[in-house]
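**Q** My questions all concern the structure below.
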């Protein structure tokens with residue numbers, strides 16, 4: 001589903017991605033972790049072309065992201081993305097947030113979009129909040145709406161860029177529950193996250209990045225039980241002992 | 001002060017003709033409103049477009065937007081008025097030039113409205129650019145990630161937020177348009193300042209004249225201010241607290 005091959009990226013003379021290669025198969029959940037500044041957010045934003053990359057290729061469902069001939073909006077419409085800071089549109093209410101791209105991009109009618117939106121709000125337990133504005137919701141609620149907004153486009157895969165990092169601890173669970181459920185239903189997911197419990201529960205593989213490199217790309221069990229590199233060991237001991 | 005006050009002057013007929021001085025001022029107010037409102041519509045349309053262009057990823061568009069803003073920002077409005085009136089028509093193709101100079105209807109009004117509109121558009125463009133810049137980058141990313149094109153992202157997500165943010169500075173600009181329209185008297189628009197000068201010379205009651213005109217300008221600007229405050233209240237988003245970064 002997602003193929004990342006030898007991707008490098010420079011900002012001027014600073015290399016932020018170094019020859020990164022990995023993949024996410026259909027129905028697979030892959031967790032990307034690593035210290036801050038390791039390039040994991042940059043990598044995931046390259047997957048739907050929000051960030052350009054200098055070298056290498058990325059394909060999603062066989063379509064090359066870096067190819068100038070690719071219709072990026074069309075591709076992005078099929079790839080759901082959830083952001084660290086939710087990025088709900090604050091001037092629209094919850095249902096309008098869910099309907100906007102359905103109507104403008106997929107060409108659904110307002111009624112269709114609203115019906116689909118309400119069904120997804122139901123699913124994330126927020127049906128009652130459809131008429132509220134994002135500023136009237138808690139962080140956890142906003143992130144659940146953001147997930148519903150992405151799902152409303154019927155994506156073929158989902159990208160999560162640190163979806164719980166901006167949340168108060170008591171709200172992390174409600175967001176992870178939605179993500180776990182999604183994973184169990186067979187959604188293809190690439191998740192940048194520090195939630196190692198989540199990784200253990202649903203991830204097929206863990207990709208560990210440091211300084212723009214993919215240092216380790218291992219099945220979840222192997223990664224946690226016997227990380228191969230010293231850098232991964234050091235990282236795990238730092239975050240698991242907190 | 002040895003001054004002969006005459007507040008009844010406004011109802012007296014002018015020296016040559018059967019109008020009253022009040023008629024002059026009302027005509028002036030009409031032209032002031034016409035110039036100001038036309039200029040404002042022009043300024044808003046162009047200013048929002050140019051301001052938005054200056055925030056796009058295209059260096060060419062950003063560059064063009066910057067040139068636009070600097071061009072209109074760095075030359076005094078009065079000089080711009082003269083440039084549009086006396087200089088620009090000379091540089092048009094010959095047929096156009098003749099048409100503008102000899103046949104264009106309401107030549108002074110059209111020139112003044114374009115000049116003030118473009119001058120103000122540069123200022124609005126600067127504010128819109130700042131407004132867009134103040135939004136978190138993630139808003140654009142989120143819009144694009146949903147499959148919206150960049151123009152759709154501006155239309156649906158970025159500008160509706162940016163414009164709400166810049167309503168307070170836009171309010172000042174709207175008030176400025178009414179006040180700056182007084183410069184149009186220099187190219188012969190029969191607006192409020194023009195009529196005031198004419199009335200002062202004709203009636204020799206300069207103090208009453210300028211006090212009345214002051215009050216009329218004040219009412220225009222203050223109404224503009226209240227109108228914008230109403231729009232600001234109408235477009236307020238529940239629960240929206242500005243977030244930085």
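**Q** One residue is enough: does the range A:18-35 have a residue meeting the conditions surrounded by fewer than 19 Cβ atoms within 10 Å (Cβ to Cβ) and within 14 Å of chain B (Cβ to nearest Cβ)?
**A** Taking every residue of the range A:18-35 in turn, none turns out to be surrounded by fewer than 19 Cβ atoms within 10 Å (Cβ to Cβ) and within 14 Å of chain B (Cβ to nearest Cβ).
**Q** Residues of the range B:50-65 being buried (at least 16 other Cβ atoms within 10 Å of the Cβ) and part of a helix (DSSP H, G or I), which ones?
**A** B:50, B:51, B:52, B:53, B:65, listed by residue number.
**Q** If we keep just the residues of the range B:142-151 that are surrounded by 20 or more Cβ atoms within 10 Å (Cβ to Cβ) and within 7 Å of chain A (Cβ to nearest Cβ), which is farthest from residue A:78 (Cα to Cα)?
**A** The residue in question is B:142.
**Q** All but one of (1) free of Cβ contacts under 8 Å to residues at least 60 places away in the same chain; (2) away from chain B (no Cβ under 14 Å); (3) over 13 Å from the mean Cα position of the chain (by Cα) hold for residue A:135, so report the exception by its number.
**A** Failed condition: (2).
**Q** Restricting attention to the range A:169-188, does a residue exist that is within 14 Å of another protein chain (Cβ to nearest Cβ) and surrounded by fewer than 21 Cβ atoms within 10 Å (Cβ to Cβ)?
**A** no
**Q** Considering A:121, A:75, which residue is at the interface with another protein chain (Cβ under 9 Å from one of its Cβ atoms), assigned to a helix (DSSP H, G or I) and at negative phi?
**A** A:75
For (1) more than 26 Å from residue B:180 (Cβ to Cβ); (2) outside any helix (DSSP H, G or I); (3) within 24 Å of the chain's Cα centre (by Cα), each residue gets a yes or a no:
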{"position": "B:2", "(1), (2), (3)": "yes, yes, no"}
{"position": "B:30", "(1), (2), (3)": "no, no, yes"}
{"position": "B:35", "(1), (2), (3)": "no, no, yes"}
{"position": "B:70", "(1), (2), (3)": "no, no, yes"}
{"position": "B:82", "(1), (2), (3)": "no, no, yes"}
{"position": "B:86", "(1), (2), (3)": "no, no, yes"}
{"position": "B:102", "(1), (2), (3)": "yes, no, no"}
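**Q** Just checking, which of A:49, A:34 is under 21 Å from residue A:83 (Cβ atoms) and either out of contact with any strand residue (DSSP E or B) (no Cβ under 8 Å at 6 or more places or on another chain) or modelled with pLDDT of 95 or more (or both)?
**A** The match here is A:49.
**Q** Can you find even one residue in the range B:173-195 that is touching a residue at least 40 places away in the same chain (Cβ under 8 Å) and within 14 Å of chain A (Cβ to nearest Cβ)?
**A** Scanning the range B:173-195, I find no residue that is touching a residue at least 40 places away in the same chain (Cβ under 8 Å) and within 14 Å of chain A (Cβ to nearest Cβ), so the answer is no.
**Q** While we're here: Is it the case that some residue within the range B:152-170 is under 30 Å from residue A:159 (Cβ atoms), touching a strand residue (DSSP E or B) at 6+ places or on another chain (Cβ under 6 Å), facing chain A (nearest Cβ under 8 Å) and outside any loop (DSSP other than H, G, I, E, B)?
**A** no
**Q** Looking at the range B:46-65 only, could you name the residues that are in contact (Cβ under 8 Å) with a residue 40 or more places away in the chain and farther than 13 Å from residue B:132 by Cβ?
**A** Matches in the range B:46-65: B:46 only.
The values are calculated or read from the model by the stated rules, or taken from the named source; none is laboratory data. Remember, predicted model here, so these are calculated numbers, not experimental data. As a convention, Cβ positions derive from the backbone with ideal geometry for all residues, glycine included, and neighbour counts pool all protein chains shown.
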